[in-house]
Each structure stands twice: as C-alpha cells, then as structure tokens.
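Below: the structure, in structure tokens.
The values are calculated or read from the model by the stated rules, or taken from the named source; none is laboratory data. Computed from a predicted structure; not experimentally measured. Remember, those area values only see protein heavy atoms, side chains included, never the ligands or the DNA or RNA. Shrake-Rupley method; radii C 1.70, N 1.55, O 1.52, S 1.80 Å.
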Amino acid sequence: MNVAILGANGFVGGRLFELWQTRGPHRPRAVVRGASSLARIARYAADWRLANACDEAALAQAFAGCDAVVHCVTGD
C-alpha cells in the first residue's frame, strides 16, 4: 500500500517514515512543505513531494497514486 505522510519531516511523521521505509509494511511517500525539510529523508532512496498543507491543489498532486494519507502536521 502506498501511503503519503503529510509532515514527514516532523518528529512523529519522520519516525513513521523511517520505520515504513526500512521495515514496511507500507511504501511511504514523504510530503513536506519545503526542500530544506528533506534533510532527514534524504538518506533514503525515498519517494517525496513538496506541498503546503494549506494548498489543496498541491496536496492533490502530492497524494496522487497513494492509497492512504497519514496527517502529522501541527500548527495553524
């Protein structure tokens, strides 16, 4: 199952991404707001997308091809 993790650069989202990337059972796609947020994810041959959580069109593109989404974003 392909699963997008919105906020994959944060504490919870980042850990979930690492677990699924290294152990499964799902194929994670990191969705982060900016390229600078990919530092932690860059050590893996990972699927990732850039999208702001407030931009509906960008999120639709980022989630394309995913079976589920895990929301790990906090803030306003």
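Taking 0.36 nm per residue of separation and subtracting the Cα-Cα distance, what length does fully extending residue 35 through residue 52 add?
Details: separation 17, 0.36 × 17 = 6.12 nm, distance 1.14 nm.
Between residue 35 and residue 52, full extension yields an extra 5.0 nm.
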Accessible-area composition of region 6-45, carbon plus sulfur, in percent [1.4 Å probe]: 55
Surface accessible to a 1.4 Å probe, per residue, for the residues of the chain, Å²: 62
29, 49, 43, ranked by accessible area, largest first (probe 1.4 Å): 43, 49, 29
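Go ahead and estimate [θ] at 222 nm for the chain from helices alone: -39,500 (n - 2.57) per DSSP H run with n ≥ 4, summed, over the residue count, rounded to 500.
Values: 2 runs with 21 residues, N = 76.
The helix contribution divided over the chain gives -8000 deg cm²/dmol.
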